[in-house]
Each structure stands twice: as C-alpha cells, then as structure tokens.
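For reference, the structure is listed below as structure tokens.
The values are calculated or read from the model by the stated rules, or taken from the named source; none is laboratory data. If you're wondering where the values come from, they're calculated on a predicted model, not measured in any experiment. Cβ placement follows ideal geometry from the backbone for every residue including glycine, while neighbour counts extend to all protein chains displayed. Areas reflect the complete protein model, heavy atoms only, side chains present, ligands, DNA and RNA absent. Shrake-Rupley method; radii C 1.70, N 1.55, O 1.52, S 1.80 Å.
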Amino acid sequence: MDSYKDSSLPIVERIEDLMSRMSLEQKVAQLQCMMSMGSDPSMTLQYFPHGIGEIAVFGGGKTAKETAENNCKIVDYVLQKPLGIPPIIHIEALTGLVGPETTVFPSAIGLGATFAPDTVREMGDIIRKQMLATGFRQALSPVMDVARDPRWGRIGETYGEDPTLAAEMSVAFTKGLQGSDLTEGVAVTGKHFLGYSVTEGGLNMASSPIPARDLLEVYAKPFQAAITEADLQSVMNTYGTIDNEMVIVSKSILNDLLRDEMGFKGMVVSDYMSINRVPEHRLSKDMAEAGIMALKAGLDVECPVPRGYGKNLVEAAQSGDLDVAYIDQAVRRVLETKFKLGLFENPYPHEELFNDAYSNPAFRAQSLKSARQSIVLLKNDGILPLSKNVKKIAVVGPHADSLRMLFGCYTHPASIEMDLGRSKGEMAGLAGPSMQQEPDDDGFIQSDQMLGSRVLKEHQLVTQAMEDMLRGKTPTILEAIRTKCHDAEIAYAVGCEVAGQDKRQFDDAIEAVKNADVAIMTLGGKYGWGLNCTIGEGIDSDNIGLPGIQEEFAREILNVGTPCVLVHMDARPLSSEFCADHMNAIVENWFPGTTGGEALADVLFGDYNPAGRLPVTAARNAGQIPIHVGQKIGNSYFTNGLNMILAKYVEGSKMPLFHFGEGMSYTTFEYSNLIVTNCVPADGIAQICFDVTNTGNIDGEEVAQLYVSDLAASMVRPYMEFAGSKRFFLKAGDTKSLQFDVRADQFAFLDHESKWVVEAGQMAVMVGGSSKNLPLHGVFEIQNSAVIQGKNRGFFAK
C-alpha cells in the first residue's frame, strides 16, 4: 500500500509521500475549483486531466437523493485520475444546506436575534448531517463579518453589529458543523476576511475605511474566536481593500495577520471571482499575474473556476519566475484538509445517515424552535397576545401569503428564484441599473431597472416553483393564522407589493381592515439575489426605511382606526419613526425559514412568549449611520458626562429608534442581588452573580445581558461593551441565580505600540435585559497590567 493511502500513518507523513509522487500539473490542479452543474460531471471535469482540488455543485438534483447520487458520480469521475486524490465538494450552508428537501432555519440576522448560541450549534449539527448524507464536505459559511451599516445588502447574512455576539455565534456554528471528529464533520469556512461589511457608502465590494486597531479588535474578533475556540478549518477572503491594499493579494493580511498573528492553520479559499478584481483595480497587468500575486499572498484555492490559477502557475514555476515552494505550501494545506476530513478513506456521501438526515421530525422541530426564538417583540401596548376567539381578522401586506418571502438569501428557495430569473435574462443584480421599466410578462425585472420605480410582484413561475416544493410542508403566515383561529372570519388583501408605486390594491386592504376587529400587517423587504429583491448580495440601498410605498400604505391602514399589529420582515431592522410611534404592536420577524409562519402565529396568539433581542441597533434614518452599541466614548449618542453641546443634529434625534439587545416579553422580569468579584489579576476571571425573577403571570424566557465599561484607559475605549448573555426559561413567580465568568483579558486592546495589553484599572459592570435597560451596576478592578497574545484572550463571558 502506498503510504499516503495508509490511514494509520500521521497526516504529515501521508502528505509528504503523496506530494513526492505528484507532478507540477497535479499540484496546481489541487489549487483549482470548478463548478459542476447537472448529472454528468464529465461535461465540465473533462478539462481537468490532472485532478481537481474543489468542486462547487449547483443544481445537483431535484431531490436530496438525486443530489447524493450526482455527487457520487463526481467522486467516481475524479478518482479515475492518476493518484486518485478525492475532491472536496463545497456548498453554501448559512442557515441550512442550499439544496432540495433540506431544513431551513432563520436568516443569520434572525439567528443573532435568538441570543442563543446553543440553538445555533444544534442547527449546525443538523446541517452537518444533511451535508454528510449528500456528500458535501465544506460549507462556505458562516459570515463572520460584523455588520454596522444597514445600507449594505448582506447585513442579513451576519449575526449583527456586535463582535462579541458574532464571535459566540461563529464559534457555535463552527463547532456544530465540524463536530467532534472531522472525519464525520464538515470543514467550516469563515468569511469574509477581513472588514467586508464596512465600506464606503455601504456599497458591496467597496473599500473598507477601517482603522488598524478596530480591524483587529472588532472585525477580526469573530474569526479569531472561531480559530482559537473551535479550530476553524477554512477562511474566505473579502473582495475589498483595506488601507489601499486589496485583501486577496495582501500578504500582510492573509499570511502575517491571519496565520502568523492569529494562528490560523487551515486552508484559504477565494470568494468567487475575486482574483478577477485585481486587474480591474489596475494592480496587475492580467489574470496570470494576479494569480501569482494571490498565491504569494497566501491564497490556497481559487473559486469557482481557475482564471488566475491555471497553466500560468505551471509555466511560471517551470520558467523560474515563481518559486515552486509557494505552490507546495498551498497544496500541503489543501491535502491536509482532505486527510483531516477522511476523504481518502471515504470520499462519498454517507448513505447510512440519509434517512435520519432527511426524515427526522426532530429537525423540523428544531427549525420551529429557532424561528420562535428569533422573533423580537419591539412594541406592545397590550394588544398582544391576540385572543384566538377574535371574530374578524384582516391580514394585509405582501409577505402574508407568500411562501418565497419566508426565506432569505442563501437558501434553496431563493436560489430557485435566481435560477428562474437568470433563465429570463435577469443578471442577479450584477449589472448596473439605468432605466425605469415595468416587469416583463412573467413578472421578472430586467437588470437595467431602478428599484424605486419597479413593482416587485411575485411572478408566476416563482410562485408555482414554491408551491411545488413547499406546499404541505411550509404554511404561509396567512395559513398559519387560519389554522390557529379556525373559527374566525379572516380577510386577506395584499394591499401593495414589496416595491414600486402601484396603489391600486390599497382599497381592497382598507376595506378588509374596516370590517375587522384587528389587523395584522406584514411589511418589509424581499431578501435574495437579483433585482427581483430589495436587499441581498449586490442589492445595497441608500434608503433604510420601508421600501416603495409601504409607509404610505401603513398610514392609510392606520387611518381606518382598527387596532394594528405590524409584522416587519427584512434583513435590516425597522427604521420607520411613524410605525414606531403609531402601531399598536411591532414584531420583528426577519426571514424565519421552513417553519416561520407557524412560529409567528404562535407568538401572535400567545402559544409562545417571545424573547428575541435586536442584534443590531435600529437607526431612525440613514443619516444616523454609524450608530451601534460599542461606539467609542463621545460618538453618536454615547456622550453622557461629556461637553458635547455642539455635537447634535439640527433636526432629529441622536437616539436610535430601537437599541441593541432590545426586545419585549408577555411577562416582566426583575434583576436583583448583584455580586461582583472585587479584584482580579490580568490573567484572572471575574465572577458576576445576580438573580432574575419572573414577576409576571406568564412563563417565559429572558435574555440576561452583561455590559462592561473601562473607566480609565490609555486609549479611547467604547462607552460600554457587550460582554455576553444568557437566554433562559423562567416560570411565573420563580427566581433564577446566574453567574457570568468573565476573563479579564476579554477586555484587552491594542496599545500605543499596537501590542495586546490588559490594563490595570476599574471596570464598570452593568446587567439587565437590554443595552437600554441595565438596572444592576457594579465594579471590579484589574490588579495589574500585562502584555498578552491576542489570539489567546477571552472572547465572551461564559
């Protein structure tokens, strides 16, 4: 037996034996990726005679079983190549494997709203099983970016604005998918390294104007936490530039920072077609040079097709223009990942898991749990929960009876719509709009249309596709309400579309509301790919309010006088002062996934007591951006005790519409008996203990939140930092004692010499149910200062 095939040998020894047998062409092939579509892999893989490193599969089958069978064909085809090196088959899996018959969980921003990392880890384990069963061994997920600009269309793919919350969720996701044994796990890919979410103008792929210290302290934190605490196996670069340096060709970022300083040992893969941007930015004369630059910087695999990692690498190495050591270094990382995954022993779908992975009712129950936990009650004048005995209900709004709009971007339903749009010539939002037109006969929006003028009416092909795929499995919001209140008279009218200026449907909705005892109104955006959506990848906006004429529609409905509950569904939080002031109740529902209609009905009618919390600050308007928890002292609304009389808006408030961590319940909670460790050394742990009592008459969950503020530091620090949280259930009248263990080095920062330091001094402690409501206050002291390794610091309270 060849040594590299001997599973009893150390991985390092197997790698070296295999590399000694590989030609230069075979090595370069391991750094390449190709997209495979359809059931015949030879159609694309015939052009790779020396093997392949990774394969991206799209449209692999109409069922999960077909997908697994097609992935088997891919593996069979690749194993026929000399040396029989198996491929890694990757796919997106942010809130569920993007494939047929999979369980879809809430969008990542909704998962952030759960404040429940255990829920995210359990979700990750389900995704892991469904990926293993169909043969996918690398997830191009999660998005570890810290998102603080709601103009950016990809905010919904993130866990929110706070680095500590994002770090805890990223660790949970990574542990869930990778599992305790990587041979039975999936390689997780943290993206987008680094600073992708902060851009000039909130525009996708633009430059990231981030100060050097914030880059490491804030935006690198979730990646560092996943590397240190969960052994993250893969990282994907950002498209953008930092300090005028494009990340994909930046040795200082991809090697010196990521590997040398942060201790990452895994494989770096490119975001799709990001090497193409190097010559576009005039940094190289052509793709061949761009590929060499990326390889030298530390990029291991080019996805999704080899434009920069083609024969140019072979020719450059043969001519002496490229040291083959760069190729060998990247190949070792790719092979190590394959050996760790156990692909040389079993590169195929794990058929023994299939029935459980796709037939286990517990998976749907977990989706329902996640959807319920993601719902945030932002306002309630007492109207909620609604009685199931209400006589007449009006349900209005574009989301209420749409299957598609229960799902966000990077889900299978959204990908089906994108594929249908592409078949009609719609360019997935990659082309710039220049004209104002109406949809074509099928309702598709062509790529040259302006969002403000177009009417987004769900086209028939998408509606039919959703019906075929989801009917009987996923009820719409309207259907779930009808099931919940089977004796009520329920009238439905769409009222208006997601976007556009068409008011012709107003009257039907107004009439329905006039005749109702209560109105349930769904408003917000449509989340996905392409210009048939209002938010998503490549769909940024300078308006963070309600799209189209929705606010005017809301005003017309409220003028009727019927009590109204607003259900807001978007990838960004509600930014409407009018709705915040005038609605009887507001529920933030995000894009909840497979069981979202049921989850919402459970909350509206009191079968589930909501406890979700905002993972982002809700700005009143785009002019307040940036506005978020953790801003430096003296910025935004964090000016208490400062002489900031000249720091104000001429019109409008500095205060947010809703605060980070904010969310209501149908019961009430009281915090008491705070006890804080007096002093801890720089390498010590502070203990924060307190009691929480459910003082209401209803059982419910609470999210206890911990915030810390450095009272004296050598650098300007945040006014207060979110340090951790705990979601827990408490029966009416019961009291629970909680204890947070917080490492002193969680509050380390970069000093004047850019060294990670823990500084001696007092730290204020604040505990409560949101960043707006922190009734308990205390102080602990860090006794001594210390220089530390940033990669080994604490990341969140436990």
TODO: Would you kindly state how much longer the chain becomes between residue 621 and residue 212 on full extension, computed as 0.36 nm times their sequence separation minus their alpha carbon distance, in nm to one decimal?
DONE: 144.4 nm
Task: Signed unit charges on C-beta, dipole axis of the chain, positive-most listed residue 523, 124, 386 - done: 386
- [ ] Note down the magnitude of the dipole of region 503-575 about its Cα centre, charges +1 on Lys and Arg C-beta and -1 on Asp and Glu C-beta and zero elsewhere, to the nearest 20 debye.
- [x] 60 debye
TODO: Step through the residues of region 704-715 one at a time and calculate ³J(HN,Hα) from phi using the Karplus curve (6.51 cos²θ - 1.76 cosθ + 1.60, θ = phi - 60°), rounding each to whole Hz and writing x for Gly and Pro.
DONE: 6, 10, 10, 10, 9, 10, 7, 7, 7, 9, 7, 10
Open item on the list: If amide hydrogens are placed 1.01 Å from N in the peptide plane, which non-local residues have theirs closer than 5 Å to the one on residue 271?
Closed with: 237
TODO: Collect residues whose amide H, placed 1.01 Å from N in the peptide plane, falls under 5 Å from the amide H of residue 234; neighbours closer than 5 in sequence don't count.
DONE: 188, 190, 267
TODO: Mind putting a number on the dipole of region 656-798 about its Cα centre? Charges go on the C-beta only, +1 for Lys and Arg and -1 for Asp and Glu, and I need it in Debye to the nearest 20.
DONE: 240 debye
TODO: Give me the distance between the Cα centres of region 124-174 and region 470-486, rounded to whole Å.
DONE: 28 Å
TODO: For region 12-40 and region 185-221, write down the distance between their C-alpha centroids in whole Å.
DONE: 30 Å
TODO: Quick one: what are the phi-derived ³J(HN,Hα) couplings along region 651-663, Karplus 6.51/-1.76/1.60 with θ = phi - 60°, whole Hz, x for glycine and proline?
DONE: 10, x, 9, 7, 6, x, 5, 9, 8, 4, x, 7, x
Task: Accessible carbon and sulfur surface of the chain relative to its total accessible area, %, 1.4 Å - done: 48 percent
TODO: Compute the label zone of residue 181 within region 327-349: residues whose backbone N is under 19 Å from the point 7 Å along Cα-to-Cβ.
DONE: 337-349
Open item on the list: Can you say what percent of the DSSP beta bridges in region 464-580, counting only those with both residues inside, are antiparallel? Round to 5.
Closed with: 10 percent
- [ ] Quick one: of 65/526; 129/296; 654/755; 175/526; 632/755; 265/369, which pairs are farther than 26 Å apart, Cα to Cα?
- [x] 65/526; 129/296; 654/755; 175/526; 265/369
TODO: For region 102-109, just list the computed ³J(HN,Hα) in residue order, Karplus coefficients 6.51, -1.76 and 1.60, θ = phi - 60°, integers in Hz, with x standing in for Gly and Pro.
DONE: 8, 7, 10, 9, x, 3, 4, 4
TODO: For residue 81, go through the lysines and keep the ones whose alpha-carbon is under 20 Å away, minus same-chain ones fewer than eight residues off.
DONE: 5, 27, 73, 311, 338
Open item on the list: Can you compute the label reach from residue 321? Point 7 Å from Cα along the Cβ direction, backbone N cut-off under 14 Å, restricted to region 267-306.
Closed with: 284-294
Open item on the list: Of all beta bridges DSSP finds with both residues in the chain, what is the antiparallel percent, to the nearest 5?
Closed with: 55 percent
Open item on the list: Let me check something: with ligands and nucleic acids excluded, how do 483, 677 order by accessible area (1.4 Å probe), largest to smallest?
Closed with: 483, 677
Task: Summed side-chain charge close to residue 753 - residues other than residue 753 whose Cβ falls under 14 Å, Lys, Arg +1, Asp, Glu -1 - done: 0
- [ ] Would you work out if the chain is rounded, prolate or oblate? Take a ≥ b ≥ c from the square roots of the eigenvalues of the alpha-carbon gyration tensor; rounded if a/c is under 1.5, else prolate when a/b is larger than b/c, oblate otherwise.
- [x] oblate
- [ ] Over the chain, give the accessible area per residue in Å² for a 1.4 Å probe, as an integer.
- [x] 36 Å²
Open item on the list: Along the charge dipole of the chain, pointing to its positive end and built from +1/-1 on Cβ of Lys, Arg, Asp and Glu, which listed residue (630, 182, 500) has its Cα farthest out?
Closed with: 630
Open item on the list: For a quick check: with amide H placed at 1.01 Å from N, whose amide H comes under 5 Å from residue 567's, ignoring anything fewer than 5 positions away on the same chain?
Closed with: 521, 522, 523, 587
TODO: Return, in residue-number order, each cysteine of the chain whose C-beta is not under 4.7 Å from any other cysteine's C-beta.
DONE: 72, 409, 485, 496, 533, 564, 579, 679, 689
TODO: Between the alpha-carbon centers of region 490-562 and region 262-335, tell me the distance in whole angstrom.
DONE: 47 Å
Task: Mean Cα-pair separation over length for region 1-103, i.e. relative contact order, pairs under 8 Å, 6 or more apart, % - done: 21 percent
Task: Most positive-pole-ward Cα, 780, 400, 95, against dipole of the chain from beta carbon charges - done: 780
Task: Total charge dipole magnitude, the chain, about the Cα centre, Cβ charges on Lys, Arg, Asp, Glu only, Debye to nearest 20 - done: 500 debye
Open item on the list: Report for region 138-268 the percent antiparallel among DSSP-assigned beta bridges with both residues inside it, nearest 5.
Closed with: 20 percent
- [ ] Set the Förster distance to 30 Å, then compute FRET efficiency between residue 673 and residue 729 from the Cβ-Cβ distance, nearest 0.05.
- [x] 0.90
